[in-house]
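Data first, discussion second: the structure below is written as C-alpha cells.
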C-alpha cells in the first residue's frame, strides 16, 4: 500500500492544477426572478407604520363614466389616474391610509387599513354618481312663477371645470290667454337672453324676467333654455 499513497497525492495535486477540476462557490449569490406584479405600482407615501411590508390596494371607478381620467390621491399625494375601463393597482406600506379620487372639484375619499398579504379594493363609482350630477358646464331652469304680467324664472348656472367661464343663452316659454276684446283664446311665446360669468367650480342661481301679455285665463308651460353657449 505504501507505493500507492505518493501516487494518489501526486494525482490530487495534478487535478487541482488542471482547469475545470475545482468549482468556485460564491456565498453571495443572488437569485434573480422576473417581475410578476404586472400593472401593480409601488406607492411612495409617508406611511402610518414602520413596517417594511406592503399590501395590495385597488382603486376603481368602473361604474362611473367620465370624459377625462380621474386623479387618485393617497395620503394627499398623487399616485396615478383611473377611469371607467382601467383600475389603479398599488402596493402600499402597511398601516392606515386615506385614498381619494377627484372629478374636477368634487373629491371622494375613504380611510383604509393595509395589511401584508391582503387585497383591499375601493370603488368610488356610486359616490361619484351621487355627487357629480353635472359633468359639463351648463345652465338649467329650476322654477318659474307668475308675477303680474311677468314670469319670473330662476336659472342655475353650473361650472364644474377648473377655469372661469361665461354661459349665455335664451330662455323661452309658450303660453295661452283669452283676449279681452274678442274673447278668443290666443297663443304666444316670450323670450329673454342671459349672459352670466361663472367662476371655476361654482354653482349659482340667478333670476330672469319674461314679459307676458296681460290677458284672462293665462296659462303657460315650463320655460326652456335654447341656444346655450359656453365660452
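The values are calculated or read from the model by the stated rules, or taken from the named source; none is laboratory data. Bear in mind the structure is a predicted one, so any value in this text is a computation, not a measurement. With ideal geometry, Cβ positions are generated from the backbone for all residues, glycine too; neighbour counts draw on all protein chains shown.
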Practice item. Return yes or no: is residue 89 closer than 29 Å to residue 170 by Cα, at pLDDT 85 or above and assigned to a strand (DSSP E or B)? Key: no
Exercise for review: Identify the residue in segment 190-226 that is part of a loop (DSSP other than H, G, I, E, B) and modelled with pLDDT under 90 and, among all such residues, is farthest from residue 151 (Cα to Cα).
Suggested key: 201
Practice item. Go through (1) at pLDDT 85 or above; (2) in contact with a strand residue (DSSP E or B) (Cβ under 7 Å, 6 or more places away or on another chain); (3) under 30 Å from residue 71 (Cα atoms) one by one and return the number of the condition residue 134 breaks. Key: (1)
Point to revise | Checklist (1) surrounded by 15 or more Cβ atoms within 10 Å (Cβ to Cβ); (2) assigned by TED's automatic domain parsing to the domain that holds residue 225; (3) part of a strand (DSSP E or B) applied to residue 102, failing item | key: (2)
Check your understanding: Just one of the numbered conditions (1) on the phi > 0 side of the Ramachandran plot; (2) within 17 Å of the chain's Cα centre (by Cα); (3) loosely packed, with under 14 Cβ neighbours inside 10 Å is not true of residue 80; which one?
Key -> (3)
Exercise for review: Inspect all residues belonging to segment 106-125 and state whether any of them is within 30 Å of residue 229 (Cβ to Cβ), outside any strand (DSSP E or B) and out of contact with any strand residue (DSSP E or B) (no Cβ under 6 Å at 6 or more places or on another chain).
Suggested key: no
Review point. Residues of segment 126-146 being more than 20 Å from residue 195 (Cα to Cα), assigned to a strand (DSSP E or B) and either within 13 Å of the chain's Cα centre (by Cα) or free of Cβ contacts under 8 Å to residues at least 24 places away in the same chain (or both), which ones?
Key: 145
**Study point:** residue 162 vs. criteria assigned by TED's automatic domain parsing to the domain that holds residue 212, surrounded by fewer than 19 Cβ atoms within 10 Å (Cβ to Cβ), under 22 Å from the mean Cα position of the chain (by Cα) and within 30 Å of residue 224 (Cα to Cα)
**Key:** yes
